[in-house]
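The values are calculated or read from the model by the stated rules, or taken from the named source; none is laboratory data. Worth saying up front: this structure is predicted, and the values here are computed from it rather than measured. When we count neighbours, we look across all protein chains shown, and the Cβ atoms used for this are built from the backbone with ideal geometry, even at glycine. Surface areas here come from the heavy atoms of the whole protein model, side chains and all, with no ligands, DNA or RNA. Shrake-Rupley method; radii C 1.70, N 1.55, O 1.52, S 1.80 Å.
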Amino acid sequence: MAQKQLVDEIMAKMTARGMEPNRVTRNFLLLAALKADDKAGTDQVMQIWRENIADKGNQDHIPHSTYYTLLNGLAKNGRYDCVQEVMEHIYRSGWQPKGSLEKLLRQLSREIALRM
């Protein structure tokens with residue numbers, strides 16, 4: 001629960017100051033929320049992703065490390081419904097991930113297929 005409160009506090013302070021999180025801050029917030037290890041933490045991660053990443057519309061401005069952090073954390077928490085949502089967003093955009101993120105996407109695709 002402490003992680004969720006920390007994330008809420010950081011986001012509230014940034015919003016009040018008219019600030020937008022950069023890559024490092026975004027990754028920190030995602031990791032902190034994922035550490036909550038419960039549905040509320042995962043819901044918060046998806047809210048951060050939707051508001052600060054998905055709605056921006058330009059995949060080229062979203063670092064591979066952010067997507068890797070997000071997808072890996074969601075999978076570790078067993079939230080394959082959320083993993084699938086993020087993956088569908090990536091594929092619909094036409095963006096071509098490279099390196100470790102590309103490998104993670106292939107791995108998660110196989111895991112999702114096995115779960116169906």
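Out of all the residues in segment 86-116, which are of a type outside the set (A, V, I, L, M, F, W, C) and buried (at least 16 other Cβ atoms within 10 Å of the Cβ)? Talk me through it step by step, then tell me what you get.
Just the residues of segment 86-116 that are of a type outside the set (A, V, I, L, M, F, W, C), to begin with: 88-89, 91-94, 96-100, 102-103, 106-107, 109-111, 115.
Selection gives His89, Pro97.
Screening Asn22, Asn52, Asn27 for residues that are at pLDDT below 75 and either open to solvent by less than 40 Å² (accessible area, probe 1.4 Å) or not hydrophobic (A, V, I, L, M, F, W, C) (or both) leaves exactly one candidate, Asn52. Inside segment 66-105, residues that are touching a Lys or Arg at 6+ places or on another chain (Cβ under 7 Å) and of a type in the set (S, T, N, Q) make up a count of 1. Counting only residues that are assigned to a helix (DSSP H, G or I) and either surrounded by fewer than 19 Cβ atoms within 10 Å (Cβ to Cβ) or at positive phi (or both), segment 73-85 holds 6 of them. Restricting the first member to segment 36-48 and to residues that are without any contact (Cβ under 8 Å) to a residue 12 or more places away in the chain and on the phi > 0 side of the Ramachandran plot, and the second to residues that are open to solvent by 10 Å² or more (accessible area, probe 1.4 Å) and part of a helix (DSSP H, G or I), no beta-carbon pair is closer than 8 Å while six or more apart or on different chains.
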